[in-house]
1. For region 1-85, what is the relative contact order in percent, using Cα pairs closer than 8 Å and at least 6 residues apart in sequence?
2. Please go through region 58-110 and write out the trypsin sites (Lys or Arg not before Pro) that DSSP classes as loop and that have at most 16 other C-beta atoms within 10 Å.
3. Give the cross-link partners of residue 86 among the lysines, using a straight C-alpha distance below 21 Å as the criterion and excluding same-chain residues fewer than 8 apart.
4. About the Cα centre of region 1-70, how large is the charge dipole given +1 on each Lys and Arg Cβ and -1 on each Asp and Glu Cβ? Please answer in debye to the nearest 20.
5. Between 48, 102, 34, which gets the highest mean-square fluctuation from a Gaussian network model of the chain, Cα cutoff 10 Å?
6. Output ³J(HN,Hα) for region 113-120: one whole-Hz value per residue in order, computed from phi by the Karplus curve 6.51 cos²θ - 1.76 cosθ + 1.60 with θ = phi - 60°, and x for Gly and Pro.
7. Quick one: order 47, 1 from most to least accessible surface, probe 1.4 Å.
8. What FRET efficiency, computed as 1/(1 + (r/R0)^6) with R0 = 41 Å and r the Cβ-Cβ distance, is obtained for residue 88 and residue 22, rounded to the nearest 0.05?
Amino acid sequence: VQLVESGGGLAQAGDSLRLSCAASGRTFSRYTMAWFRQAPGKEREFVAAIRWTGASPYYADSVKGRFTISRDNAKNTVYLQMNSLKPEDTAVYYCAADGRQARPTLSTVDYWGQGTQVTVPS
């Protein structure tokens, strides 16, 4: 599976951005898809995930109520709608695919995208 993110950029606090991740290769619909992020000097952390059915998305506490993950299996694409952005959301955002776990972790992810930068100045 190849994953290509897009949609990052510079946003002001309170603004919205939508990230997209286009997948190609093996059967996209069988994977739990997730977003992780990595801020400068910090470890990569989980943001959100969605199962192949689209049911039961779940989120890190830090983004719950502000971010929404969704997927379109017909388009082999997963999205991350980010609202009410904060400076602490500044990070490189990575798309990830996990073929085994409904709740992906750094050690269970099978495929990673190259990342897209999101910057929210303070």
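The values are calculated or read from the model by the stated rules, or taken from the named source; none is laboratory data. Computed from a predicted structure; not experimentally measured. We place every Cβ from the backbone using ideal geometry, glycine too, and count neighbours over all the protein chains shown. These area figures cover heavy atoms from the full protein model, side chains too; ligands, DNA and RNA do not enter into them. Shrake-Rupley method; radii C 1.70, N 1.55, O 1.52, S 1.80 Å.
1. Numbers: 158 pairs, mean separation 27.8, N = 85.
Answer for region 1-85 is 33 percent.
2. Working: sites: 64, 66, 71, 75, 100; in loops: 64, 66, 75, 100.
For trypsin sites (Lys or Arg not before Pro) across region 58-110 that sit outside H, G, I, E and B with at most 16 neighbouring Cβ atoms in 10 Å, the list reads 64, 66, 75, 100.
3. 42, 64
4. Computed charge dipole of region 1-70: roughly 200 debye.
5. Greatest mean-square fluctuation among the candidates belongs to 102.
6. x, 8, x, 9, 7, 10, 10, 10
7. Ranked list, largest accessible area first: 1, 47.
8. That pair, residue 88 with residue 22, gives E of 0.90.
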